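A short write-up of the structure that comes next.
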Amino acid sequence: MTQDQLSARTSRGAKLSIFFGTEMWERYGFYIVQSLLALYLSSQLHLSDAYIYTLVGSFTALTYISPIIGGWIADYFIGQKKAVLLGGILLFGSYILLAFALSLSHLLLAFASIAMGTGLLKPSISSLLGRQYLLRDPRRDSAFTIFYLGITSGIILGTTLPSKLQECFGWQACFFSAAIGMLLAIFIFSMGVKFLDIQEYAVLKFSKKISALSALLIIIISYFVFYLLLSLPYLAHIFFIFIMFFGLGLVLKIALKEQGDQRRKTLCLFILFIISGLFWAFYFQMFMLLTLFITRTVESQIFHINFPAPYYVAVESFGMLVFGLALSKLWLKLGKNNQNKKSNPAFEISVKFFFSIVFMFLSYFLILIFAHSESNLLISPWPILLAYLLISMAELLLSPIGLAAVTRLARPKVVSTLMGVFFVSLGVGGFLSGQLAKLTVISHTQTENLMLVKNIYFHGFLHMVYLLLGLVCLAGLACFLIKSLSKNINWDF
């Protein structure tokens with residue numbers, strides 16, 4: 001290895017560590033809110049299941065739909081690096097507001113701000129990582145998987161430590177710790193920008209003053225709209241249906257403006273985005289339906305140690321760390337083996353998406369089996385833990401692969417916008433998850449009858465297993481469509 005090659009490798013490693021650390025602490029704060037929100041609304045505000053599912057679903061949807069706005073702001077007005085820093089500052093302020101919120105309206109203001117901050121930060125930091133690798137570099141999927149392990153580390157911290165903080169110091173301490181985590185993320189990224197040559201995609205066309213004012217105006221309008229959507233559930237339903245078609249229409253519009261191989265690459269992304277949105281509808285049940293299901297019907301201790309619902313998310317994330325390290329090495333090895341062969345990256349991505357749906361189906365099928373019980377006893381936590389590990393495999397086969405797919409298949413000029421559309425698919429999944437969760441709405445009086453509660457959950461899971469079986473078939477069909485669409489594409493450009 002030459003000195004230049006060693007220097008380049010060291011530089012990429014340093015940059016990857018910056019992205020890893022930034023995203024780890026950003027996710028720490030976000031998952032404090034995400035994992036505890038349903039429990040907080042149920043136990044502290046005593047809201048109904050139906051309203052909780054609607055609010056959590058809408059909040060989840062907004063946090064993943066907002067990246068299309070944040071990606072647009074980054075691409076055309078302020079660049080990816082400034083977008084990450086601005087998003088971090090907004091998130092810090094959001095968690096401070098959340099810690100001192102005195103009413104539901106204050107919470108909604110904080111949720112709207114969290115959605116906006118996430119929208120600025122998420123697509124830009126993923127785009128920046130992709131910018132550090134050449135298109136055919138076999139290290140790309142490996143780097144994104146390692147980057148995703150940073151996300152996973154933050155999730156583990158954000159789903160375990162806050163439960164102890166809440167137990168010892170109350171809910172306010174949980175949300176305040178999220179603000180501290182965001183400060184660490186801002187510091188890490190600022191040091192990376194200052195000392196490392198982190199290149200970005202954006203080529204800005206406007207003056208700094210016009211760009212800053214335009215970005216500020218878009219952020220203010222978006223924030224106001226987000227607050228309205230969180231406050232008015234029926235308006236939110238109309239909006240999310242519209243944004244689903246808007247996101248898919250945007251991808252098609254971009255594809256129609258392109259020619260040849262690039263058009264076919266973008267159409268492959270279109271198909272992948274559809275599978276992604278449906279996948280997340282089941283994944284996000286961990287923070288809605290599955291959270292309340294575990295709290296109400298599953299034994300609360302493992303080896304005489306208290307094991308609340310957020311800990312299961314930590315187990316899922318720990319599974320991602322273990323499986324992710326193995327998959328990272330596997331993708332790197334397969335990438336090197338295929339480097340001199342006529343591989344079809346788009347088809348390979350679609351196969352990974354297919355298996356992610358298969359693992360999700362298996363996880364819900366396992367939960368369904370053990371939810372079916374005529375006894376008045378709580379369900380053992382062990383099969384639920386196994387189901388969460390299956391979900392971790394499902395996530396690893398779709399989410400980091402999807403991030404890498406956007407940077408591989410999209411034109412550089414629109415990569416942040418299409419990264420935003422990928423996150424829109426998560427947002428659509430978040431909205432759909434809220435609707436799916438309503439299959440198991442349980443009133444406060446019904447929670448006292450364990451057999452009745454388990455029966456309601458069983459029938460809800462049965463419907464979800466049927467839907468997942470259909471999704472497995474759809475994902476298989478998508479593989480064949482993408483293989484045909486991407487045939488003979490020149491992957492050198």
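The values are calculated or read from the model by the stated rules, or taken from the named source; none is laboratory data. Everything numeric in this text was worked out from a predicted model, so none of it was measured. Cβ placement follows ideal geometry from the backbone for every residue including glycine, while neighbour counts extend to all protein chains displayed. Only protein heavy atoms, including side chains, enter the accessible area calculation; ligands, DNA and RNA are left aside. Shrake-Rupley method; radii C 1.70, N 1.55, O 1.52, S 1.80 Å.
Remarks
- In this structure, the pairs whose alpha-carbon distance is over 29 Å, taken from 164/333; 164/329; 253/487; 15/329; 82/164; 208/265, are 164/333; 164/329; 82/164; 208/265.
- Annotation: amide H-H contacts under 5 Å for residue 302 (H modelled 1.01 Å from N, sequence separation of 5 or more, or interchain): 307.
- Largest-first ordering by accessible area, 1.4 Å probe, given options 26, 299, 448: 448, 299, 26
- Within the accessible area of the chain (1.4 Å probe), percent carbon and sulfur: 70
- Residues residue 438 and residue 466, FRET efficiency given R0 of 22 Å [Cβ-Cβ distance, rounded to 0.05]: 0.85
- Note on surface exposure: 27, 264 rank 264, 27 by accessible area, highest first, 1.4 Å probe.
- Where the chain is the region considered: accessible area per residue in Å², 1.4 Å probe: 41
- By the combined test of axial Cα extent (at least 30 Å) and Kyte-Doolittle hydropathy (mean at least -0.5), the qualifying DSSP H helices of the chain come to 3-43, 49-73, 104-131, 139-169, 171-195, 208-231, 233-257, 260-283, 309-337, 345-371, 415-437, 450-485.
- Most to least packed among 476-489, 271-284 [average Cβ atoms within 10 Å]: 271-284, 476-489
- Averaged over residues, the count of other Cβ atoms within 10 Å places the peptides 69-78, 42-51 in the sequence 69-78, 42-51, highest first.
- At R0 = 35 Å, FRET efficiency that the Cβ-Cβ distance of residue 334 and residue 365 yields, to 0.05: 0.75
- Think of it as helices only: each DSSP H run of n ≥ 4 in the chain is worth -39500 (n - 2.57), and spread over all residues that comes to -28500 deg cm²/dmol at 222 nm.
- Multiplying the residue separation of residue 256 and residue 164 by 0.36 nm and subtracting their alpha-carbon distance yields 27.9 nm.
- Shape class for the stretch 147-254: oblate, because the ratio a/c of the largest to smallest gyration tensor axis (alpha-carbon atoms, square roots of eigenvalues) is 1.5 or more and b/c is at least a/b.
- With the convex hull of its Cα atoms as the shape, the chain has an orientation-averaged projected area of 22.8 nm².
- Amide H partners (placed H, <5 Å) of residue 379, local residues excluded: 298, 299
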